[in-house]
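The values are calculated or read from the model by the stated rules, or taken from the named source; none is laboratory data. Since we're looking at a predicted model, the values are computed, not measured. Counting neighbours? That spans all protein chains shown, and the Cβs are built from the backbone with ideal geometry, glycine included.
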């Protein structure tokens with residue numbers, strides 16, 4: 001038997017390792033992207049697209065997701081004639097049913113249930129901020145962990161909510177069409193469109209009272225133990241609050257994310273979202289300022305049908321005062 005040199009043996013080992021790694025990578029289960037969007041109570045009044053894969057569920061197949069998110073919000077703005085204070089926690093459960101109506105085409109129906117409270121995360125957040133020496137100045141102005149959700153123009157209230165309100169939010173119907181499957185050189189690509197119906201109670205800001213429509217696309221590319229995600233959307237909101245002279249404009253959103261497959265069925269996901277607000281030049285930072293936020297999560301697949309995910313959302317890059325402070329979420333999914 002011919003003996004291998006040290007270099008030849010090393011090359012054989014590297015080749016075998018690459019082949020084994022490539023074979024194992026083919027078995028991984030894509031669990032991303034993280035199907036949670038901005039949970040600020042103002043933004044939730046308008047249409048937002050759930051981060052999702054380009055792939056559809058297949059004709060005659062169902063997929064069901066339920067996510068529960070607990071969001072702590074403490075923001076205020078008094079720099080213009082429009083004043084606003086949001087000091088609350090919002091618990092939101094979203095039911096998302098997807099159905100394949102044709103090859104490469106699916107419909108999804110999204111139904112949110114919302115509940116407002118003064119919350120339980122404040123003490124934890126204050127303790128954490130103090131431990132890292134980053135306690136926000138606004139915490140000193142609202143030390144009692146009370147409830148407030150009020151927006152007014154010249155003392156005329158136009159947005160408000162009350163503690164311990166529970167109800168349905170605005171229902172969303174979405175259609176997605178897979179345009180290109182993933183290839184060696186190109187990512188998977190799909191188009192989507194959605195409409196939001198005014199089913200939420202606008203008197204307590206669980207909905208806008210108007211329909212919204214939107215368009216967008218999603219992409220995905222796999223590379224070894226990583227999967228990369230991206231999307232971009234535009235939404236045309238219904239015009240509300242005209243009685244207080246507030247102008248509206250279309251909103252834009254973009255997402256980039258990556259999933260690292262620790263094991264074939266266990267993943268760590270990280271993504272960044274950027275989105276604009278539908279209000280135009282109000283001078284109120286809560287209503288005007290764009291949002292940049294990071295979302296991180298761990299996900300695990302149970303066999304081929306079920307999966308769960310849990311994680312956290314945190315704003316970043318001068319997004320203070322624009323939306324939720326921090327959100328924790330749990331997502332469960334099943335495919336049939």
Taking residue 140 as the residue in question, decide whether it is in a helix (DSSP H, G or I) and modelled with pLDDT under 90.
yes
Selection from region 253-284 of residues part of a strand (DSSP E or B), more than 17 Å from residue 310 (Cα to Cα) and touching a helix residue (DSSP H, G or I) at 6+ places or on another chain (Cβ under 9 Å) yields 275, 279, 280
When region 285-330 is checked residue by residue, the ones that are within 19 Å of residue 63 (Cβ to Cβ) and outside any strand (DSSP E or B) are 303, 304, 305
Any residue in region 240-250 that is closer than 18 Å to residue 279 by Cβ, touching a strand residue (DSSP E or B) at 6+ places or on another chain (Cβ under 7 Å), modelled with pLDDT under 95 and part of a strand (DSSP E or B)? yes
Taking region 71-97 and the residues there that are surrounded by fewer than 20 Cβ atoms within 10 Å (Cβ to Cβ) and under 20 Å from the mean Cα position of the chain (by Cα), the one that is nearest to residue 107 (Cα to Cα) would be 97
Flagged in region 275-291 as buried (at least 17 other Cβ atoms within 10 Å of the Cβ) and without any contact (Cβ under 8 Å) to a residue 40 or more places away in the chain, in numbering order, are 276, 279, 288, 289
Of the residues in region 217-240, those that are more than 30 Å from residue 268 (Cα to Cα) and buried (at least 19 other Cβ atoms within 10 Å of the Cβ) come to 237, 240
Residue pairs within 6 Å by beta carbon, gap of at least six or interchain, first lying in region 302-328 and closer than 20 Å to residue 120 by Cβ, second at pLDDT 80 or above and not in a strand (DSSP E or B), listed first then second, are 323/38; 323/40; 324/39; 324/40; 327/39
Scanning region 11-35 for residues that are in contact with a strand residue (DSSP E or B) (Cβ under 8 Å, 6 or more places away or on another chain) and surrounded by fewer than 23 Cβ atoms within 10 Å (Cβ to Cβ), the one modelled with the highest pLDDT turns out to be 35
Here, strands (runs of 3 or more DSSP E) confined to region 143-197 with at least 2 residues that are surrounded by fewer than 20 Cβ atoms within 10 Å (Cβ to Cβ) and at pLDDT below 95 are 148-153, 156-160
